[in-house]
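Asks: Dropping the structure in here first, questions after.
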Amino acid sequence: MTASLPRQAAPPDEPRRPAEGPGHRARRRALTLLIIGLLIGVPAGYLVISANQSRNSGKDKEAKYAATGLTTGLPSKVQRRLYQVPVPHPADSTASYETNNWKTSRLYVQFRTNAAGLDSFLQTMGARRDELEKGDISIGARDQRVSGWHFTGPGPWWGLTHGQKNPAPTQDVVVNMSDPANPMVYVVSRTVP
């Protein structure tokens, strides 16, 4: 036989809570569903956006490294610093291409700038405009084939080779001065790792 315990009565000074009405119950359930939806939906949306960005980044890198010739745009800041190719401002018609092997790494860069930009480029590289030699195509046939450059159009063509002691890169520069106000610059910077 089980003994029943006496129930304790509610304190007389505490008011009774009114019974929950159907409208209040519906609002409480809707609020609960909204909170659960947000707790699940916000992280899931973040994951979807992050996955798409990651996939797009991979496709961009794949296209960059699958390139077999010049691609439009500036080389990265790291490439410009490693190969010591200071593309001046302003510059347009920019394109670049990098090749690497166990023996030599090369960066091919082309851009069009103004006369002050050419002087700034040469000075930052450690050369001067008076070092350019008329008719000197300092970029060799192999590098011309790799880059697709042909130095046969209207000139005059000016060039120089800026040699430096390893591991600093050596730059071969060719400048098309057919429009002296807007010279077109071609650079091959090579370094031995």
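Asks: Length gain on complete extension for the stretch residue 81 to residue 124, per 0.36 nm per residue less the alpha carbon to alpha carbon distance?
Replies: Numbers: separation 43, 0.36 × 43 = 15.48 nm, distance 1.14 nm.
The span from residue 81 to residue 124 would gain 14.3 nm if fully extended.
Asks: Read through the labelled values (i) 21.5, 65; (ii) 21.1, 69; (iii) 34.6, 118 and report the label of the one computed as Rg and Dmax of the Cα atoms in Å from the structure.
Replies: Answer by label: (iii).
Asks: On the accessible surface of the chain, probed at 1.4 Å, how many percent belong to carbon and sulfur atoms? Intermediate values should be presented prior to the final figure.
Replies: Working: 7600 of 13380 Å².
Result for the chain: 57 percent of the exposed heavy-atom area is carbon or sulfur.
Asks: Roughly how tilted is helix 22-66, in degrees to the nearest 10 and between 0 and 90, from the longest Cα axis of the chain?
Replies: 20
Asks: Can you tell me how much longer the chain between residue 192 and residue 30 gets when fully stretched, taken as 0.36 nm per residue apart minus their C-alpha distance, in nm with one decimal? Don't skip to the end; give the middle numbers.
Replies: On the way: separation 162, 0.36 × 162 = 58.32 nm, distance 6.76 nm.
Roughly 51.6 nm would be gained on extension.
Asks: Further question on the same structure: Provide the solvent-accessible area of residue 74, counting protein heavy atoms only and rolling a 1.4 Å probe, rounded to the nearest 10 Å².
Replies: Taking all protein chains as shown, residue 74 has close to 90 Å².
Asks: Follow-up question, since we're still on this one. So what J values fall out for region 125-141 if you push phi through Karplus, 6.51 cos²θ - 1.76 cosθ + 1.60 with θ = phi - 60°, rounded to Hz, Gly and Pro as x?
Replies: 3J(HN,Hα) across region 125-141, in whole Hz: 6, x, 10, 10, 4, 5, 7, 5, 10, 5, x, 8, 8, 6, 7, x, 4.
Asks: Ranked from highest to lowest mean number of other Cβ atoms within 10 Å per residue, what is the order of the peptides 174-183, 122-131?
Replies: On the way: 174-183: 16.1, 122-131: 14.4.
Descending packing order for the listed peptides: 174-183, 122-131.
Asks: What nm distance separates the two modelled labels at residue 92 and residue 49, each placed 7 Å from Cα along Cα→Cβ?
Replies: My value for the distance between the label points is 3.5 nm.
Asks: Here's a follow-up. For residue 131 and residue 179 in the same chain, what is the full-extension length gain: residue separation times 0.36 nm, less their Cα-Cα distance, in nm? It would help to have the intermediate numbers written out before the result.
Replies: Values: separation 48, 0.36 × 48 = 17.28 nm, distance 1.91 nm.
That works out to 15.4 nm of additional length.
The values are calculated or read from the model by the stated rules, or taken from the named source; none is laboratory data. Since the structure is predicted, the reported quantities are computational estimates derived from the model, not experimental observations. Cβ coordinates were reconstructed from backbone atoms using ideal geometry, including for glycine residues, and neighbour counts include every protein chain displayed. Keep in mind that these areas ignore ligands, DNA and RNA; they rest on the heavy atoms of the full protein, side chains included. Shrake-Rupley method; radii C 1.70, N 1.55, O 1.52, S 1.80 Å.
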